[in-house]
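These notes are about the structure you will find just below.
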Amino acid sequence: MTEILNVEHLKSYFPIRGGIMLRTTGYVYAVDDVTFGLEKGETLGLVGESGCGKSTIARTIMRLIEPTAGKIYFDGNDITHLPLKKMRALRKHMQMIFQDPYASLNPRMKVGQIIGDPMAIHNIASGREKQDRITYLLEKVGLKPEHRDRYPKEFSGGQRQRIGIARALASEPVVIIADEPVSALDVSIQAQIINLLEDLQEQFDLSYIIISHDLTVIEHICDRVAVMYLGRIVEMAPYDVLYTRPLHPYTEALLSAVTVADPDHRKKRIILKGDVPSPINPPSGCRFHTRCQYKTDICEHEEPEFKAAGNNQWVSCHLR
Ligand code: SF4
């Protein structure tokens, strides 16, 4: 397989300004040295607690946030500092689906225009062809052609997310980054949207990055999962490997919270002590040491290397 997207040592820091002169007094280390690749046709899950930097990675890849350091490659080309005009054109190939489908849809635009605008912006279709393509996409996401004349407020949450997906597909992308695509929806609707994303991936040959705070949401759709903690990836592995043999204590704790239907395989829930430390002043050594039940002296002072552990599994922990 070939990689369609790569990020190498990506950093996104946000300055904190204070005093009368508004001098920079510190930084929020939102994303701090993250490296991963996305294969063509693959679905990579990015999981972790809220505030761990998952969404910042998505926005940095899309260059909605400028990276502080590191490299972003799309289809082998370095796009880290691509001029904005060229980057806008490139967004035709990389689209986002957002958490809140209502907030991300213009309430004053009819559905047909919401889906049709990207086609016009990227010179994909106009006139009759554009109208036919709007109909085609509405049907592909499980909506009806007549829905084009309605406004977002006339739809349920699940239907609005379908409109958001149709809009993302309108520019014929090859990569879609979905930021918590179902967390605002009822549980009964979540599976429908995940199934839809799976079907569309096959039909349109898409590669996905799916961001979620909940491992169960991405369980059935992801090929690989990267677990994030305080701006860093602490473990990355194929989903089945990660699920059956988590190596990082944080992954272990996240998985222990997942409900297992089979009573013979119920795991003891690991309750993480304390709150997530501030990304303004992350702990020294292993960033997880303030909450880790296996912590030893070295953990407080020395940062563990992110190393291969076999089976395409990578982990950052002194114990492994
Ligand atoms: Fe826990 Fe130490 Fe491993 Fe960090 S390096 S996860 S503190 S055992």
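The values are calculated or read from the model by the stated rules, or taken from the named source; none is laboratory data. A quick note: this is a predicted structure, and the numbers were derived from the prediction, not measured. When we count neighbours, we look across all protein chains shown, and the Cβ atoms used for this are built from the backbone with ideal geometry, even at glycine. Please note that ligands, DNA and RNA were not included when accessible areas were found on the heavy atoms of the full protein model with its side chains. Shrake-Rupley method; radii C 1.70, N 1.55, O 1.52, S 1.80 Å.
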task = Scan segment 222-234 for residues that are open to solvent by less than 10 Å² (accessible area, probe 1.4 Å) and farther than 19 Å from GLN293 by Cβ and jot them down.
result = VAL225, ALA226, MET228, GLY231
task = Out of PRO304, PRO277, report the one residue that is modelled with pLDDT of 95 or more, open to solvent by less than 40 Å² (accessible area, probe 1.4 Å) and either under 30 Å from GLY18 (Cα atoms) or within 12 Å of the ligand (Cβ to nearest atom) (or both).
result = PRO304
key: Top-ranked residue in segment 287-299 [being under 16 Å from TYR229 (Cα atoms) and more than 6 Å from the ligand (Cβ to nearest atom); ranked as surrounded by the most Cβ atoms within 10 Å (Cβ to Cβ)]   = ARG287
message = Can you go through GLN95, GLN113 and tell me which one is surrounded by 19 or more Cβ atoms within 10 Å (Cβ to Cβ), of a type outside the set (A, V, I, L, M, F, W, C) and either over 29 Å from ILE57 (Cβ atoms) or modelled with pLDDT of 95 or more (or both)?
response = GLN95
task = Taking the options ALA237, ALA257, name whichever one is open to solvent by less than 70 Å² (accessible area, probe 1.4 Å) and more than 16 Å from the ligand (Cβ to nearest atom).
result = ALA257
task = Sort out which residues of segment 307-320 are more than 6 Å from the ligand (Cβ to nearest atom) and over 20 Å from TYR243 (Cβ atoms), and write them in order of number.
result = LYS307
key: Matching entry among LEU105, LEU38 (being at pLDDT 95 or above and either buried (at least 16 other Cβ atoms within 10 Å of the Cβ) or within 18 Å of the chain's Cα centre (by Cα) (or both))   = LEU38
message = Looking only at segment 118-147, count every residue that is touching a residue at least 12 places away in the same chain (Cβ under 8 Å) and farther than 25 Å from SER188 by Cα and tell me the total.
response = 10
task = Quickly run through segment 42-81 and pick out the residues that are closer than 20 Å to SER278 by Cα and surrounded by fewer than 20 Cβ atoms within 10 Å (Cβ to Cβ).
result = GLU49, SER50, GLY51, THR68
message = Looking at segment 292-319, I want the residues that are among the basic types (Lys, Arg) and have a partner that is more than 12 Å from the ligand (Cβ to nearest atom) with Cβ atoms under 7 Å, at least 6 apart or on another chain. Which pairs are those?
response = LYS307/TRP314
